[in-house]
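A quick write-up on the structure given underneath.
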Amino acid sequence: MTTFEGSFTAPELDGIHIGLVVARFNDLITNRLLSGCLDCLSRHGIDTSPASHQLDTIWVPGSFEIPVVAQRLASSGRYQVLIALGAVIRGDTPHFDVVVAEVSKGVASVARDSGVPVIFGVLTTDNLEQALERAGIKTNLGWTYGLEALEMASLMQSLPTG
């Protein structure tokens, strides 16, 4: 029996290119997720400096716009993994349900259709307090999304092709 697992360090991650798609809407939350994600990537050997050739950050207006940009990035052939960061917080209208459904289906579709892993880092919470808890007050899920990206990029490199 052969077992395949991803790694979190070089050499499996040498030459990796990561695309971060970050929603500007609810930036109080998304900036914290981004910070946690970058911290994780940096601590695992990814160059996160502004001059990095391993990492590109693309800002979009809101979470709804994440899938179309992720699709463009996935089809470019430049990235081994994408990370989608956003925050959709329930309000008094059904807008929340529409956005959450479309962004989750869209991100899943990009990953499935392109073969490029897309880490779903879009918080979907009932209120601001829950979002803040997940973006740094209790834990920063941005760190987790960064780690998932490294594992998936490494795993995909180790899987047989063709």
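The values are calculated or read from the model by the stated rules, or taken from the named source; none is laboratory data. Quantities reported herein were computed from a predicted structural model and do not represent experimental measurements. Cβ coordinates were reconstructed from backbone atoms using ideal geometry, including for glycine residues, and neighbour counts include every protein chain displayed.
Output the number of residues of the stretch 38-93 satisfying the condition of being closer than 22 Å to Leu13 by Cβ, surrounded by fewer than 17 Cβ atoms within 10 Å (Cβ to Cβ) and among the hydroxyl-bearing types (Ser, Thr, Tyr).
4
Aliphatic (A, V, I, L, M) and farther than 19 Å from Leu20 by Cα, is that true of Leu159?
Yes, satisfied.
Suppose we keep only residues that are out of contact with any strand residue (DSSP E or B) (no Cβ under 8 Å at 6 or more places or on another chain) and aliphatic (A, V, I, L, M) within the stretch 134-149. Which one would you say is modelled with the lowest pLDDT?
Only one residue fits best here, namely Ile137.
How many residues, within the stretch 13-55, are in contact (Cβ under 8 Å) with a residue 40 or more places away in the chain and under 17 Å from Ile119 (Cβ atoms)?
Final tally of qualifying residues: 23.
Any residue at all in the stretch 32-48 that's under 20 Å from Lys105 (Cα atoms), out of contact with any Cys (no Cβ under 8 Å at 6 or more places or on another chain) and in a helix (DSSP H, G or I)?
no
Which helices (runs of 4 or more DSSP H) sit wholly inside the stretch 51-162 and have at least 3 residues that are under 15 Å from the mean Cα position of the chain (by Cα)?
Ranges flagged: 66-75, 95-114, 141-158.
So, in the stretch 116-129, exactly how many residues are without any contact (Cβ under 8 Å) to a residue 40 or more places away in the chain and within 17 Å of Ser104 (Cβ to Cβ)?
Summing the residues that are without any contact (Cβ under 8 Å) to a residue 40 or more places away in the chain and within 17 Å of Ser104 (Cβ to Cβ) in the stretch 116-129 gives 6.
Would you check which residues across the stretch 94-112 are acidic (Asp, Glu) and either surrounded by 14 or more Cβ atoms within 10 Å (Cβ to Cβ) or touching a residue at least 40 places away in the same chain (Cβ under 8 Å) (or both) and list them?
Of everything in the stretch 94-112, just one residue is acidic (Asp, Glu) and either surrounded by 14 or more Cβ atoms within 10 Å (Cβ to Cβ) or touching a residue at least 40 places away in the same chain (Cβ under 8 Å) (or both), namely Glu102.
For the stretch 1-37, what are the residues that are surrounded by 15 or more Cβ atoms within 10 Å (Cβ to Cβ) and either in contact with a His (Cβ under 9 Å, 6 or more places away or on another chain) or modelled with pLDDT under 90 (or both)?
Gly6, Ser7, Phe8, Glu12, Leu13, His17
Look through the stretch 38-92, keep the residues that are more than 22 Å from Leu155 (Cβ to Cβ) and basic (Lys, Arg), and return whichever of them is modelled with the highest pLDDT.
Selected residue: Arg72.
From (1) within 21 Å of Glu151 (Cβ to Cβ); (2) at pLDDT below 95; (3) not polar (S, T, N, Q), pick out the condition that doesn't hold for Phe96.
Evaluating Phe96 over (1) within 21 Å of Glu151 (Cβ to Cβ); (2) at pLDDT below 95; (3) not polar (S, T, N, Q) leaves (1) as the failure.
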